[in-house]
Amino acid sequence: MSALLWLAAAIVLVVAEMFGGELVLLMLAGGAFAAAGVDFAFDAPLWVDGLVFALVSVLLLVAVRPIARRHMLTRPAVLMNTEALEGRSALVTEQVDSRDGRVKIDGDVWSARTMDPEQVIAPGTRVTVVEIDGATAVVWHS
């Protein structure tokens, strides 16, 4: 009977984890699942179930949670959206200065400005996109 209680506690903890996202409740749910399994397999007394719950929960919190959090916080290897344009080469289509201009990046025309306020870049020149600021490409010509 207590196996069903441990199973119900594990399910409640998993559902509660969905609202928190810190992985603590998920590790406790793993302990509750382990306690339910031990109780079901061996019909152990309640104190054994509690001990299994505590040991497995602590083990998961100490060993598994840091690894899982590290994987959750890593950025994807593929750059998306405007981040993918930084460092790319662009072709100046209209004169670019510190205030205005146009460049073509991978077939798309972007408004542009130079990174150096003193720099003026003529059409037909290849430049490097340093960053994307809103809808404007900040470019550099070396």
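The values are calculated or read from the model by the stated rules, or taken from the named source; none is laboratory data. All values derive from a computational prediction rather than experimental measurement. Positions of Cβ are generated from backbone atoms using ideal geometry, with glycine treated the same way; all protein chains shown enter the neighbour counts. Each accessible area value is taken on the protein alone, full model and side chains, heavy atoms only, with ligands, DNA and RNA left out. Shrake-Rupley method; radii C 1.70, N 1.55, O 1.52, S 1.80 Å.
Would you confirm whether or not segment 65-74 contains a residue that is in contact with a strand residue (DSSP E or B) (Cβ under 6 Å, 6 or more places away or on another chain), assigned to a loop (DSSP other than H, G, I, E, B) and open to solvent by 40 Å² or more (accessible area, probe 1.4 Å)? No, segment 65-74 contains no residue that is in contact with a strand residue (DSSP E or B) (Cβ under 6 Å, 6 or more places away or on another chain), assigned to a loop (DSSP other than H, G, I, E, B) and open to solvent by 40 Å² or more (accessible area, probe 1.4 Å). Scoring Leu51 on the criteria (1) open to solvent by 80 Å² or more (accessible area, probe 1.4 Å); (2) at pLDDT 95 or above; (3) more than 30 Å from Val14 (Cβ to Cβ); (4) not aromatic (Phe, Trp, Tyr) leaves a single failure, condition (3).
Taken together, Thr93, Thr82 contain a single residue that is outside any helix (DSSP H, G or I), without any contact (Cβ under 8 Å) to a residue 60 or more places away in the chain and of a type in the set (S, T, N, Q), which is Thr93.
Just to be sure, is Pro45 within 30 Å of Thr128 (Cα to Cα) and open to solvent by 60 Å² or more (accessible area, probe 1.4 Å)?
For Pro45, the condition - within 30 Å of Thr128 (Cα to Cα) and open to solvent by 60 Å² or more (accessible area, probe 1.4 Å) - is not met.
Applying the selection to segment 127-142, what residues are assigned to a strand (DSSP E or B), open to solvent by less than 70 Å² (accessible area, probe 1.4 Å) and free of Cβ contacts under 8 Å to residues at least 40 places away in the same chain? Result: Val127, Thr136, Val138.
Flag not set for Pro123, criterion: of a type outside the set (A, V, I, L, M, F, W, C) and either assigned by the TED database to the domain that holds Glu22 or under 30 Å from the mean Cα position of the chain (by Cα) (or both). If you check Ser57 against the conditions, is it among the hydroxyl-bearing types (Ser, Thr, Tyr) and either under 30 Å from Val127 (Cα atoms) or at pLDDT below 95 (or both)? Against the criterion (among the hydroxyl-bearing types (Ser, Thr, Tyr) and either under 30 Å from Val127 (Cα atoms) or at pLDDT below 95 (or both)), Ser57 does not qualify. The set of residues in segment 100-126 being open to solvent by less than 60 Å² (accessible area, probe 1.4 Å) and in contact with a Phe, Trp or Tyr (Cβ under 6 Å, 6 or more places away or on another chain) consists of Val103 alone.
Within the option set Gly21, Gly31, being within 24 Å of the chain's Cα centre (by Cα), assigned by the TED database to the domain that holds Arg65 and open to solvent by less than 40 Å² (accessible area, probe 1.4 Å) holds for one residue only, Gly21.
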